[in-house]
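The values are calculated or read from the model by the stated rules, or taken from the named source; none is laboratory data. As the structure is a computational prediction, the values presented were derived from the model and not from experiment. Glycine gets a Cβ as well: all are built from the backbone with ideal geometry, and neighbour counts include every protein chain shown. Accessible surface areas use protein heavy atoms only, side chains included; no ligands, DNA or RNA. Shrake-Rupley method; radii C 1.70, N 1.55, O 1.52, S 1.80 Å.
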Amino acid sequence: MGEIQGRPILVLIDSGSSHSFLHSSFASVVPGVRSLSVPSVVTVADGSSIQCSSEIPNAEWSVQGFKFHSTLKLLPIGSFDLILGMDWLQAFSPMKVDCTHKIMTISYGSRHITLQGSQDD
């Protein structure tokens with residue numbers, strides 16, 4: 001779980017996604033939405049394609065009390081509000097991931113922080 005503009009968000013970290021995406025329902029809540037000069041076509045998990053025509057550069061969001069800034073492309077995505085893709089993962093690489101305990105340790109400024117994933121199975 002995380003937060004954007006004071007609203008709770010459900011976050012998915014997805015190494016299979018090239019970019020980071022925010023559910024388009026947040027477009028009216030998060031400032032700085034801009035239209036893409038050239039819309040892009042995004043292939044989603046079920047194999048279908050969706051056109052992406054806007055993004056929020058440098059959007060501020062937080063998870064477990066830590067603030068992050070990311071360029072978020074707006075899409076009507078499914079079960080999650082924010083999908084963090086390879087662009088976000090590469091920004092914090094290298095990192096330590098423990099899939100058994102659902103934890104990720106990343107560099108955050110001059111220190112390392114550990115993010116804990118949901119324990120729901």
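Looking only at segment 89-105, which residues are in contact with a strand residue (DSSP E or B) (Cβ under 6 Å, 6 or more places away or on another chain) and not hydroxyl-bearing (Ser, Thr, Tyr)?
Selection gives Phe92, Met95, Lys96, Val97, Ile103, Met104.
Of all residues assigned to segment 33-49, at least one qualifies as being open to solvent by less than 90 Å² (accessible area, probe 1.4 Å), more than 29 Å from Ile103 (Cβ to Cβ), out of contact with any Cys (no Cβ under 9 Å at 6 or more places or on another chain) and in a strand (DSSP E or B).
The single condition among (1) free of Cβ contacts under 8 Å to residues at least 24 places away in the same chain; (2) open to solvent by less than 80 Å² (accessible area, probe 1.4 Å); (3) within 19 Å of Leu12 (Cβ to Cβ) that Cys99 does not meet is (2). For segment 58-80, which positions are in contact with a Gly (Cβ under 8 Å, 6 or more places away or on another chain) and either aliphatic (A, V, I, L, M) or not in a strand (DSSP E or B) (or both)? Across segment 58-80, the qualifying residues are Ala59, Val63, Gln64.
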